[in-house]
Amino acid sequence: MMKRFWVFLFACAPLWAWADNSVDSVRVWPSPDKTRVVFDLSDTPDYSYFTLYQQKPYRLVIDFNNTSLKAGLENLGKESLLVDKIRTSSPKNANSTRIVIELDSKSDANLFTLPANESYKDRLVVDLPGKSIERSGPAKSVSELKDRRVTVAIDAGHGGDDPGSIGPRGTYEKHVVIRIATALAKLINDDPGMQAYLIRTGDYYVGLNERPQKAWDAKADFFVSIHADAFRTPQPSGGSVWVLSKRRAESEVGRWLENREQQSELLGGVTDILRKNGHEPYLAETLLDMSMDSSIAGAYSAAKHIIDEMSAVTEMHKHAPQAASLAVLKSPDKPSLLVETGFISNPREEQLLTSNAHQQKLARALYNGIRRYFVSNPIDNTYLANQSSFTYTVKSGDSLSVLAQKYNTTVKAIKTENNLTTSSLKIGQKLTIPSR
Ligand SMILES: [Zn+2]
């Protein structure tokens, strides 16, 4: 507000209400471990808050100063187990708005503001930790089993108030990638050697650093983040697969190591053992480096399998794995990669990406690629490592020599395994592929 208006307002404030700012909309995003409430305002929020946790209903009260309410509050929070309702209450004065968030349980709320950007207005974000939706299919702790399934953490990019890229017809990346992720999880869970852990199971946002942390907590053996690309012009198209750039990662990991707590977290207790045995800290660093080296090598190998499989179902923008320093790829303990499934900014690919058939094909390609990786890079004491063969369904374009090459075996071995007398294949035919 300009200064002369301020003087004017000051003189007249007791006589009539005047608010500079307004709450224009309120959005609620429940996730398994928190509910995020976002207030969109026309200007920078000026607010204060307090809690009423002595008795039920538990309440978080937010006063927006010099602010009117233009948003409706009906039905907000009905999808969250934590938030019962959001309502107004008598304001401190005629120029302010008081919002009450009624909670099912006490929550240690974290409030922060975000400035306006291209997509959003000024925001007040209220993070309320606490179980807010049921999580389906939690990862089981199976590391103690002999024939355990490998756990694949699947990260559908973006979510909640982050739509990701938006296609020319208005398709949101966050919606496309959760469908591909869900289809991939189903294929993986149907495989006796694998189980899926979905980093997000619905339309809510998970922080970039929280994503690998969740994969770590789930004891995942592999991490794949699913995205759709965008460019400012409509021409570029095709998929690509990204791994962590080692050179850039090294300097960043170096900085991590300065923080001892993070160091032990990354090494999953290895540091503790080293410390107890009186080893020098550089040994922990070396172990972490080795683990980083092998996980990047693994990611690179898996990326090649996935590119190979994706090429059969979609155009590729890049035929070799790409390297970048991306937050979601920074788990030093497991192969991590990011798949761009196509360009949502390309009208033709936008249409493809919204098609269920194409989403299923992409999910199948990712599944095949990840499975091939685990069969050719077996982890001890896993079902896939102990498997001598697996079943393959013949697709259009397959031949025995193509399959033999793909799965590191020979035409003769496939024919013997399946009692084949000719080399011709039928689409849909089931073949047992001997392992290596
Ligand atoms: Zn994305």
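Return a yes/no flag: does region 212-227 have any residue that is away from the ligand (no atom under 16 Å from the Cβ), surrounded by fewer than 21 Cβ atoms within 10 Å (Cβ to Cβ) and either charged (D, E, K, R) or not assigned by TED's automatic domain parsing to the domain that holds Gly298 (or both).
Yes; the residues of region 212-227 include at least one that is away from the ligand (no atom under 16 Å from the Cβ), surrounded by fewer than 21 Cβ atoms within 10 Å (Cβ to Cβ) and either charged (D, E, K, R) or not assigned by TED's automatic domain parsing to the domain that holds Gly298 (or both).
Give just the number: which of (1) within 16 Å of the ligand (Cβ to nearest atom); (2) out of contact with any strand residue (DSSP E or B) (no Cβ under 9 Å at 6 or more places or on another chain) does Tyr172 not satisfy?
(2)
Please name all residue pairs, on different chains or six or more residues apart, with Cβ atoms under 8 Å, provided the first residue is in region 53-65 and is touching a residue at least 40 places away in the same chain (Cβ under 8 Å) and among the basic types (Lys, Arg) and the second residue is surrounded by fewer than 17 Cβ atoms within 10 Å (Cβ to Cβ) and not in a strand (DSSP E or B).
If the second residue must be surrounded by fewer than 17 Cβ atoms within 10 Å (Cβ to Cβ) and not in a strand (DSSP E or B), the pairs left are Arg59/Tyr53.
Scanning region 195-211 for residues that are within 16 Å of the ligand (Cβ to nearest atom) and β-branched (Val, Ile, Thr), which turns out surrounded by the most Cβ atoms within 10 Å (Cβ to Cβ)?
Per the criteria, the residue is Ile199.
Could you tell me whether any residue of region 109-118 is farther than 22 Å from Ser22 by Cα and touching a residue at least 60 places away in the same chain (Cβ under 8 Å)?
Yes, because at least one residue in region 109-118 is farther than 22 Å from Ser22 by Cα and touching a residue at least 60 places away in the same chain (Cβ under 8 Å).
Condition test on Ala156, is it modelled with pLDDT of 95 or more, away from the ligand (no atom under 16 Å from the Cβ) and not assigned by TED's automatic domain parsing to the domain that holds Ile62?
no
Tally up the residues in region 30-65 that are touching a strand residue (DSSP E or B) at 6+ places or on another chain (Cβ under 6 Å) and polar (S, T, N, Q), please.
The qualifying residues number 5.
Does region 331-343 hold any residues that are under 18 Å from Arg200 (Cβ atoms) and either of a type in the set (A, V, I, L, M, F, W, C) or more than 13 Å from the ligand (Cβ to nearest atom) (or both), and which are they?
Ser331, Ser336, Leu337, Leu338, Val339
The values are calculated or read from the model by the stated rules, or taken from the named source; none is laboratory data. Nothing here was measured: the structure is a model prediction, and the numbers come from that model. FYI the Cβ positions are ideal-geometry reconstructions off the backbone, even for glycines, and counts take in every protein chain you see.
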